[in-house]
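The values are calculated or read from the model by the stated rules, or taken from the named source; none is laboratory data. In this text the structure is predicted, and so the values were computed from the model without any measurement. Note that we place each Cβ from the backbone using ideal geometry, even for glycine, and neighbour counts take in every protein chain shown. Just the protein is used for accessible areas: all its heavy atoms, side chains included, with ligands, DNA and RNA removed. Shrake-Rupley method; radii C 1.70, N 1.55, O 1.52, S 1.80 Å.
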Amino acid sequence: MKLAIVTDSTAFLPERVRRHPDLFVIPIPVILDGKVYNEDVDIQADGYYKLMNESKEFPKTSQPTFGETLDLYKKLKEKGYDTIISIHLSSGISGYVNNLDSIKDSVEGMTIIPYDTLITSMPMGHMVEAALNMRDADNSLNEILEHLNIIRANTYAYLIVDDLNHLVRGGRLTNGAALIGGLLKIKPVLKFEDGKIVLFEKIRSTKKALRRCEEVIGERKNEINHPVKLYVIHGNHLELAKKEKARLEKSYPDITVEIGHFGPVIGTHLGEKALGFAICAE
Ligand code: MYR
């Protein structure tokens, strides 16, 4: 088997993973005032929030076209690959991964497996890295998929956003419209559940919401039967992310905590100053 790993630009990938020769990344588009930008190709996280906050129309995201995705799969066939695991953002927040079902049998001699991570961002990058490491260690396709399933079943993410309107207007908060009226004095903690973003708890202040995230990460850590990694992810809020990383390291000294940021696509849906906490089985 010659295996390629494909993912999309919402996976936050550290440099060591980006450079892997068998990894290929499809950009997800962001639309600002009618202009289409491909994430990480013609727009980066740096400077994005300023552009987003200044845009006249409400910014949007879209899916890569079938043509673009199929072209990549065909190019990989020409390069000699015969198998692709295409690891993508949750079907609960984008139709992209489910839509790949309609093209997965279109390249002769190529096995294409669309993989719904039920998450995105750093936890998805974590799955991509795990798949690449297992590929390099000559694990079989089934072993890699089974391990991805273990990580997926043991991944939890919690979010605090500064302005819930972004998620509600973008339609990515399940039952969001019902929530927004009563939230003036409340800082909701959100979570991923079955791949969708839902309310976890209504908390009275940002400080208490942050402490609750730290606590709930500890609760999940005690339930997961594998070594884990922690991620703190920010939308242009590095100082807060660093503080939270330090707190987590103090509370859970045996676990590695990595910091990353939300790129333009996720930033569009969470708004500036969002903070995410994730725990994943290694
Ligand atoms: C599309 O428009 O279909 C593609 C992009 C959808 C992205 C939705 C992002 C929602 C916020 C995810 C937060 C992740 C925290 C770990």
Has the stretch 123-131 got at least one residue that is within 14 Å of the ligand (Cβ to nearest atom) and in contact with a Pro (Cβ under 9 Å, 6 or more places away or on another chain)?
yes
Do we have residue 258 as within 16 Å of the ligand (Cβ to nearest atom), assigned by TED's automatic domain parsing to the domain that holds residue 166 and assigned to a strand (DSSP E or B) here?
yes
Going by the structure shown, is residue 281 under 25 Å from residue 174 (Cβ atoms) and over 15 Å from the mean Cα position of the chain (by Cα)?
yes
Number of positions in the stretch 62-82 that are within 16 Å of the ligand (Cβ to nearest atom) and more than 16 Å from residue 25 (Cβ to Cβ):
2
Qualifying position, being in contact (Cβ under 8 Å) with a residue 40 or more places away in the chain and assigned to a loop (DSSP other than H, G, I, E, B), among 273, 221:
273
Condition first: part of a loop (DSSP other than H, G, I, E, B) and within 19 Å of the chain's Cα centre (by Cα). Now tell me which residues in the stretch 21-44 satisfy that.
27, 28, 40, 41, 44
Enumerate the strands (runs of 3 or more DSSP E) found wholly within the stretch 45-164, keeping only those where 1 or more residues are open to solvent by 20 Å² or more (accessible area, probe 1.4 Å) and among the charged types (D, E, K, R).
111-116
Give me a count of the residues in the stretch 132-165 that are touching a Phe, Trp or Tyr at 6+ places or on another chain (Cβ under 7 Å) and either away from the ligand (no atom under 16 Å from the Cβ) or among the small types (Gly, Ala, Ser) (or both).
2
Kindly list, by first and then second residue, each pair from a residue in the stretch 22-45 that is closer than 20 Å to residue 261 by Cβ and modelled with pLDDT of 95 or more to a residue that is aliphatic (A, V, I, L, M) and assigned to a loop (DSSP other than H, G, I, E, B), limited to pairs with Cβ atoms under 7 Å and residues at least 6 apart or on different chains.
27/41; 39/28
Condition check for residue 196: open to solvent by 20 Å² or more (accessible area, probe 1.4 Å) and within 16 Å of the ligand (Cβ to nearest atom)
yes
